[in-house]
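The values are calculated or read from the model by the stated rules, or taken from the named source; none is laboratory data. Just so it is clear, the model here is predicted, and its values are computed rather than measured. Note that each Cβ is placed from the backbone with ideal geometry, even for glycine, and that neighbours are counted across all protein chains shown.
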Amino acid sequence: MVIGVLAALLACIGYGVSSVLQAYGAHRSAAAARDRGATGHVTATGGPTLRSTLHATITAAFIVGMVLDVVGFVGSAVSARLIPLFLSQTIISANLVVTALLGIAVLGIGLRSRDWIAIAAVIASLFVLGLGSGERGDVNPDRLVHWIVLGVSVLILLAGIALTRVLGSRSAIMAGLIAGVLFGMLAIGVRVLDGLEPLQPSVVLADPAAWTVAIAGIGGFYLHTVALQLGSVNGATAALVVGETVVPGIIGVVFLGDSARPGLAWVVALGFIGAVAGAVAVAVFGAAGHQAAQHTEPASVEP
């Protein structure tokens, strides 16, 4: 249990710092493209093109963020195997706090009282959730479930890409939410993956859950990058947190045998709902603040 919690905390810090660095890199890349008068970086609906997203990923800050994403993934994978998914994913969701605090220094983001209240609600909910968490379930679903997880992940990814094309510049929160769901599917894939204990590479590669990890990880990374290009880092990350917390948490309890301590199921439910509600509030406030900043930003004057 202790190792699983520490691994989740490592993932929390890694993901939180990486989000800020990636947002910084994405914004710098977009600004550089505008300064050059480059074309082909925006779709007809105002969203970033694949070319724009690829340019964002080669900035120095973004590359460092990707390294930290790897650190976060390792911590997330370890915690998903050792502790209940609703606990591991909710601890990881505290990266929202890391992102918000670091965003003040790196991105110059100002937080209002309502933002601090929402962030405090997330922290308090995580504490409550930890008090009531029990042991990881031992349920190992059959291979059909592995295929279902893979198929659902592919459908979610395709739907996410389509929505970002349709919504364009308005897709920041939606892209972040779907990225979070994909990261949640990744956690489920890691949880049910065969051939890890003991390690059997041939078994791992033959398991559809392994492909879920790859597809959901790459797809979630792409959509999160799109969200960071379009909206505030706090709003995008908060939407991601909701997706990666709710989906695996519910599936872990309903299908994988995760449980609370005897008599404390209501405490877990309270902490879970509070953490998600706080993250939703941060996402809404972050999106509103980002729109207000865009409306008050002075227009550039052509010589």
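Summary table
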item	result
Any chance SER125 is of a type in the set (S, T, N, Q) and either closer than 30 Å to GLU197 by Cα or in contact with a strand residue (DSSP E or B) (Cβ under 7 Å, 6 or more places away or on another chain) (or both)	no
Breaking point among (1) under 19 Å from the mean Cα position of the chain (by Cα); (2) under 29 Å from TRP266 (Cα atoms), for VAL128	(1)
Odd one out for GLY189 among (1) touching a residue at least 60 places away in the same chain (Cβ under 8 Å); (2) closer than 19 Å to LEU144 by Cα	(1)
Which numbered condition SER76 misses (of (1) buried (at least 19 other Cβ atoms within 10 Å of the Cβ); (2) over 24 Å from ALA277 (Cα atoms))	(2)
Criterion (within 15 Å of the chain's Cα centre (by Cα) and in contact (Cβ under 8 Å) with a residue 12 or more places away in the chain) met by exactly one of SER169, SER153	SER153
Residue tally, condition surrounded by 15 or more Cβ atoms within 10 Å (Cβ to Cβ) and either more than 24 Å from GLY231 (Cβ to Cβ) or among the basic types (Lys, Arg) (or both), over the stretch 136-164	10
Residue within the stretch 57-80 that is at pLDDT below 85, assigned to a helix (DSSP H, G or I) and within 13 Å of the chain's Cα centre (by Cα) present	no
Count of residues meeting criterion [outside any helix (DSSP H, G or I) and either under 16 Å from the mean Cα position of the chain (by Cα) or free of Cβ contacts under 8 Å to residues at least 40 places away in the same chain (or both)] in the stretch 227-279	3
Residue match in the stretch 181-201 (condition: surrounded by fewer than 18 Cβ atoms within 10 Å (Cβ to Cβ), in a strand (DSSP E or B) and of a type outside the set (Phe, Trp, Tyr))	yes
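One line per residue, one yes/no per condition, for (1) part of a helix (DSSP H, G or I); (2) at pLDDT 80 or above:
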residue: SER88; (1), (2): yes, yes
residue: THR99; (1), (2): yes, yes
residue: GLY108; (1), (2): no, no
residue: ASP115; (1), (2): yes, yes
residue: ALA124; (1), (2): yes, yes
residue: PHE127; (1), (2): yes, no
residue: VAL139; (1), (2): no, no
